[in-house]
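Since the structure comes first, as structure tokens, the remarks are kept for the end.
The values are calculated or read from the model by the stated rules, or taken from the named source; none is laboratory data. These numbers come from a predicted model, not from an experiment. Note that we place each Cβ from the backbone using ideal geometry, even for glycine, and neighbour counts take in every protein chain shown. Note: accessible area is taken over every heavy atom of the protein model, side chains too, but ligands, DNA and RNA are not part of it. Shrake-Rupley method; radii C 1.70, N 1.55, O 1.52, S 1.80 Å.
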Amino acid sequence: MANVPLPDESVHISIFCLSLMGKNLMDFVREAHRVLKKGGLLKIAEVRSRFGGEGEESKLGEFFDAVERSGFRRKSFDETSKMFFMAEFKKNNKAPEKNVAFEAKVC
């Protein structure tokens, strides 16, 4: 959801688990930044194939860069699964860049 009915900086953790399925996934990341407290955590668990499958160049680096430009710092990345990846980001003190864009394959 890109417009959750929560006040700014009101939650400690935001989890996206198989929920970034549309084309506007950066809207969700921006909303997580808005509602997370300073130092709050953003955890993402998603299907790898949306970010490049077998025989395709992975777009995970591009996605991570977009998340980092949106006001987060990557803490960890787990790619041990062939089908999914998990990443954890921490909200930093930098203001998010405006108009950060990224598109993954639509499910």
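What to note about this one:
- Test: residue in segment 62-79 that is aliphatic (A, V, I, L, M) and part of a loop (DSSP other than H, G, I, E, B): no
- For Glu31, the conditions (1) buried (at least 17 other Cβ atoms within 10 Å of the Cβ); (2) part of a helix (DSSP H, G or I) are fulfilled apart from (1).
- From Glu46, Glu57, residue being of a type in the set (Asp, Glu), outside any helix (DSSP H, G or I) and closer than 15 Å to Leu20 by Cα: Glu46
- Candidate set: segment 55-68, residues that are small (Gly, Ala, Ser) and surrounded by fewer than 17 Cβ atoms within 10 Å (Cβ to Cβ); chosen: the one modelled with the lowest pLDDT: Gly55
- The listed residue being surrounded by 20 or more Cβ atoms within 10 Å (Cβ to Cβ), under 21 Å from Asn3 (Cα atoms) and of a type outside the set (S, T, N, Q), out of Gly40, Gly71: Gly71
- Residue match in segment 1-24 (condition: of a type in the set (Val, Ile, Thr), closer than 16 Å to Asn93 by Cα and under 10 Å from the mean Cα position of the chain (by Cα)): no
Here's the yes/no breakdown for (1) in contact with a Phe, Trp or Tyr (Cβ under 9 Å, 6 or more places away or on another chain); (2) closer than 19 Å to Glu9 by Cβ:
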position: Lys38; (1), (2): no, yes
position: Ile44; (1), (2): yes, no
position: Gly52; (1), (2): no, no
position: Asp65; (1), (2): yes, no
position: Thr80; (1), (2): no, no
position: Phe85; (1), (2): yes, no
position: Asn92; (1), (2): yes, yes
position: Val100; (1), (2): no, no
position: Ala104; (1), (2): yes, no
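- Within segment 1-16, if we keep just the residues that are out of contact with any Asp or Glu (no Cβ under 8 Å at 6 or more places or on another chain) and open to solvent by 60 Å² or more (accessible area, probe 1.4 Å), the residue that is nearest to Phe64 (Cα to Cα) turns out to be Ile15.
- Unique residue being in contact with a strand residue (DSSP E or B) (Cβ under 8 Å, 6 or more places away or on another chain), over 19 Å from Val4 (Cα atoms) and buried (at least 18 other Cβ atoms within 10 Å of the Cβ) when the list is Phe77, Phe84, Phe51, Phe102: Phe51
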